[in-house]
Amino acid sequence: MEQTDRYSAGEALDLRMAIDGKRVEASDRARMTTEDPATGRVIGSFPAATADDVDRAVASSKAALKGAWRAMTPTARGRVLSRAAAILRREAERMARIETLDSGKPLREARTDIETSAAYFEYYAGFADKLQGDSIPLGMDYMSFTLHEPVGVTAQIIPWNFPLTTTARGVAPALAAGCTAVVKPAALTSLTSLLLADILDEAGVPPGVYNVVTGSGSKAGAALVAHPDIAHVTFTGSVETGQGIMRSAASHVASVTLELGGKSPVVVLADADLDAAVEGTLKAIYTNAGQVCSAGSRLVVERKLHAAMMERLVPRAAAMTAGHGLDDPPIGPLVSAEQLRTVGEHVERARTRNSLTIAVGGRPLKVPGFEGGHFYAPTIIDDAPADAPAVQEEIFGPVLTVQIVESAEEAIAVANGTEFGLCAGIYTRNISRAMAFARDIDAGQVFINQYFAGGVPTPFGGTKMSGFGREKGLAALSSYYRVKCVTTRL
Ligand code: NAD
């Protein structure tokens, strides 16, 4: 097979926007392109939405909210979401290939992403008819009860690192609660959010309940968030963009969920199971080439285990070969040339300006046959001081920093020593130490003896600069309904 065939979707994709049950171009017919990060080749183009297009999408979602979606019983809405999960599973291999082509991630990771996306629809389908209120005892002369009403039209602003999973993570609970959604995928990775429109359509989701506007963040995304008919914004991405979104949503008092990344620690205490700690650390930092908001990007290790950890981590990182995601290599490319440059700059600054030790990696990778790809070597920066920029700033690439501590108490202080607070892992055989860590750490999720433990049912979100609001689990639903209290004098 020709390389161009082998590394293609193998089908013509309809990449027009999805508005009100139809596939449409932008009103000015402008388009943007998307590339395969492993080759740098353009693999498709999609519309660049104008503010008018965003207006049409929001109007359609508003009409569906008051119309077809509301008319459906909650049980029927749940069935539609269950069907969406089944159809997504039927389409899993095709969707995984397309996700890999667009984002660069290894195929096995894309397969997990598609399964997780289906699991979101499956999980929240069951809640559609269970969002019931309370009755409030006020004595003989009153009857009082609450209703859980959908908040309204939601905007879902999606990042490029987990394109379909982040879409499903926000859209499934929103739809289960009776809301509608206008999705703005990242310009780098818009394909699977668009293709999800066909899947939801086949599942029986009425026109307008799930709309997708594609294009740039500064134009399409900004117009969507600023739209006065948007009641809630769910955003995942950078701190700076999240702050702007919060300001914009404030103009029409829309609520926001902000998931803004992190610098999450993986703490390894002296009594840890070394094998589990090594495997957990590698997974924490090199999944999706480190482009993960919840990545464990700081190893915080007690001195007694430092040498043993490094002896094992360094050869394992050095042995990770890179390749095209469809060949399912240990590590894929970064999403874009810009991301490759940013990661390289972080590491160069650590090496030259801060004189830190690069124990392994620390350079872009040349992959034969994929000279246009954005590959970076799995990297470990050893014995980094707490105030080093590489320790404090989110690099969003395959770069692990190592901080050495003298005790469990110091480990907690060091683990808390950044402005972020998304996730935290700890490896120890001492349950009291693990629980004290869970109590004292600034994080929304704590993983004990397995990094990334949990999944769709476990609430997820940050503290400090990592944001606020919770996604996943039952907790996510509270963003998508509002409590109305009705009280009658008898
Ligand atoms: P970004 O925050 O700018 O983009 C995320 C999403 O927001 C995209 O869909 C984008 O189009 C949209 N957007 C951008 N500006 C907007 C605006 N003014 N109004 C509404 N929507 C807007 O992130 P980026 O530029 O793609 O990546 C930059 C850095 O952000 C990365 O290097 C990484 O550190 C971080 N990041 C974090 C996550 C995460 O999971 N928390 C995901 C992606 C990127």
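The values are calculated or read from the model by the stated rules, or taken from the named source; none is laboratory data. What you are looking at is a predicted structure, and each value in this text was computed from that prediction instead of being measured. Heads up, the Cβs are rebuilt from the backbone with ideal geometry, glycines too, and the neighbour counts pull from every protein chain shown. Heavy atoms of the whole protein, side chains included, go into the accessibility calculation; ligands, DNA and RNA do not. Shrake-Rupley method; radii C 1.70, N 1.55, O 1.52, S 1.80 Å.
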Relative contact order as a percentage, the range 12-78, C-alpha pairs under 8 Å and 6+ apart, gives 27 percent
So for R0 = 22 Å, FRET eff. of residue 342-residue 321 from the Cβ-Cβ r, to 0.05, ends up at 0.45
Residues with amide H under 5 Å from that of residue 297, placed H, sequence gap 5 or more
264
For the range 260-265, in order, what is each residue's ³J(HN,Hα) by Karplus, 6.51 cos²θ - 1.76 cosθ + 1.60 with θ = phi - 60°, in whole Hz (x at glycine and Pro)?
10, x, x, 8, 6, x
Calculate one ³J(HN,Hα) per residue across the range 348-354 by plugging θ = phi - 60° into the Karplus curve 6.51 cos²θ - 1.76 cosθ + 1.60, and present them in order as whole Hz with x for glycine and proline.
4, 5, 4, 6, 8, 7, 9
Kirkwood Rh and Cα Rg combined as Rg over Rh, evaluated for the range 1-147:
1.13
Along the charge dipole of the chain, pointing to its positive end and built from +1/-1 on Cβ of Lys, Arg, Asp and Glu, which listed residue (466, 143, 118) has its Cα farthest out?
143
Working from Cα positions, state the angle (0 to 90°, nearest 10) between the long axis of helix 107-125 and the longest principal axis of the chain.
30 degrees
Could you give the angle, 0 to 90 degrees to the nearest 10, between helix 51-66's Cα long axis and the longest principal axis of the Cα atoms of the chain?
60 degrees
Rounded accessible area of residue 465 (nearest 10 Å², 1.4 Å probe)
70 Å²
First compute the accessible area of the chain with a 1.4 Å probe, then give the percent of it belonging to carbon and sulfur atoms.
54 percent
Return the long-range amide H neighbours of residue 463 (sequence gap of 5 or more, or a different chain), with a cut-off of under 5 Å between placed amide H atoms.
421, 422, 444
Return the calculated 222 nm mean residue ellipticity for the chain, to the nearest 500 deg cm²/dmol, obtained by summing -39500 (n - 2.57) across DSSP H runs with n ≥ 4 and dividing by the residue count.
-11000 deg cm²/dmol
Under 14 Å from a point placed 7 Å out from the Cα of residue 430 along the Cα-to-Cβ direction: which residues of the range 263-287 have their backbone N that close?
268-273
FRET efficiency for residue 51 and residue 468 from the Cβ-Cβ distance with R0 = 30 Å, rounded to 0.05, comes out at 0.60
Could you derive backbone 3J(HN,Hα) for the range 91-104 from the dihedral phi with the Karplus parameters 6.51, -1.76 and 1.60 (θ = phi - 60°), listing whole Hz in sequence and x where the residue is Gly or Pro?
8, 4, 5, 5, 5, 5, 4, 5, 4, 5, 4, 7, 9, x
Taking R0 as 35 Å, what FRET efficiency do you get between residue 250 and residue 42 from their Cβ-Cβ distance, rounded to the nearest 0.05?
0.40
Take every DSSP beta bridge with both residues inside the range 362-490 and express the antiparallel ones as a percent of the total, to the nearest 5.
35 percent
Loop only by DSSP, 15 or fewer other Cβ within 10 Å of the Cβ. Give me the GluC sites (Glu not before Pro) in the range 317-384 that pass, ordered by residue number.
371
Length released on extending from residue 108 to residue 449, taking residue separation times 0.36 nm less the Cα-Cα span
120.4 nm
Taking a threshold of 22 Å on the Cα-Cα distance, which of the pairs 263/283; 184/283; 263/464; 62/484 fall above it?
184/283
According to a simple spin-label model (label point 7 Å from Cα along Cα-to-Cβ), what is the distance in nm between residue 25 and residue 490?
6.5 nm
Treating only the Cβ atoms of Lys and Arg (+1) and Asp and Glu (-1) as charged, compute the dipole magnitude of the chain about its Cα centre; round to the nearest 20 debye.
820 debye
With angles folded into 0 to 90 degrees, how steeply does helix 74-90 sit against the dominant principal axis of the chain? Use alpha carbons for both and round to 10.
40 degrees
Report D for the range 399-472 in µm² per second (integer): Stokes-Einstein, Kirkwood Rh on Cα pairs, 4 °C, 1.567 mPa s.
100 µm²/s
